[in-house]
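Okay, structure first, notes after.
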Amino acid sequence: MTGAHGNEFVVGADAVDRHGHVNNVEFVRWMNEAAVAHADARGWSSAAEAAGAAWVARAHRIEYLRPAFAGDRVRVLTWVVDVRGASSLRRYRIERAGDNAVLAEAETDFALVDARTGRPRRVPTELRAAFDVPHSG
């Protein structure tokens, strides 16, 4: 988990579905918020914008392990594990902060795209160098 970034928050009642637990869509929203916060904190968002590019999600994979409920304090940890070509793989661990129970493990495949054309674009060397990943290729 080199270079991990964490967000913590309390789950609101509006996140709960008719089954009494947090809706799965909320987990994706939490992942996105954590990824953006991490990228903003490291300067990756502004570097991509300066290069005329933007990161877009290509695929999410989530394994739900335990439910979350309104009032739970949740921690979302995220880190980048690989950057190559025009893509980046980001992982997440979503935990209940009170007992450190892992609620979900997930990952997102991101693509860097040209902001004007929407076409994939190779990650610039200077941006690639900013990612703290062990085997960026």
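Quick look at the values:
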| quantity | calculated |
| --- | --- |
| Near pairs, Cβ below 6 angstrom, 6+ apart or cross-chain, from the range 2-18 (under 13 Å from Met31 (Cα atoms)) to any residue that is assigned to a loop (DSSP other than H, G, I, E, B) | Glu8/Ala97 |
| Output for the range 62-76, where each listed residue is in contact with a Lys or Arg (Cβ under 7 Å, 6 or more places away or on another chain) and of a type outside the set (D, E, K, R) | Ala68, Val74 |
| Matching option when the condition is more than 14 Å from Glu8 (Cα to Cα), free of Cβ contacts under 8 Å to residues at least 24 places away in the same chain, buried (at least 20 other Cβ atoms within 10 Å of the Cβ) and out of contact with any Pro (no Cβ under 8 Å at 6 or more places or on another chain), among Ala39, Ala129, Ala48 | Ala39 |
| Odd one out for Leu77, checked against (1) more than 24 Å from Glu26 (Cβ to Cβ); (2) touching a Gly at 6+ places or on another chain (Cβ under 6 Å) | (1) |
| Selection count, the range 68-90, where residues are touching a residue at least 40 places away in the same chain (Cβ under 8 Å) and either buried (at least 16 other Cβ atoms within 10 Å of the Cβ) or of a type in the set (Phe, Trp, Tyr) (or both) | 15 |
| Elements of type strands (runs of 3 or more DSSP E) contained in the range 57-129, each with 3 or more residues being at pLDDT below 95 and either within 21 Å of Ala41 (Cα to Cα) or over 18 Å from the mean Cα position of the chain (by Cα) (or both) | 73-84 |
| Some residue of the range 7-19 being modelled with pLDDT of 95 or more, outside any loop (DSSP other than H, G, I, E, B), of a type outside the set (S, T, N, Q) and buried (at least 18 other Cβ atoms within 10 Å of the Cβ) | yes |
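The values are calculated or read from the model by the stated rules, or taken from the named source; none is laboratory data. Note that the structure is a prediction, hence the values are computed from the model and not measured. Note: ideal-geometry Cβ built from the backbone for every residue, glycine included; neighbour counts use all protein chains shown.
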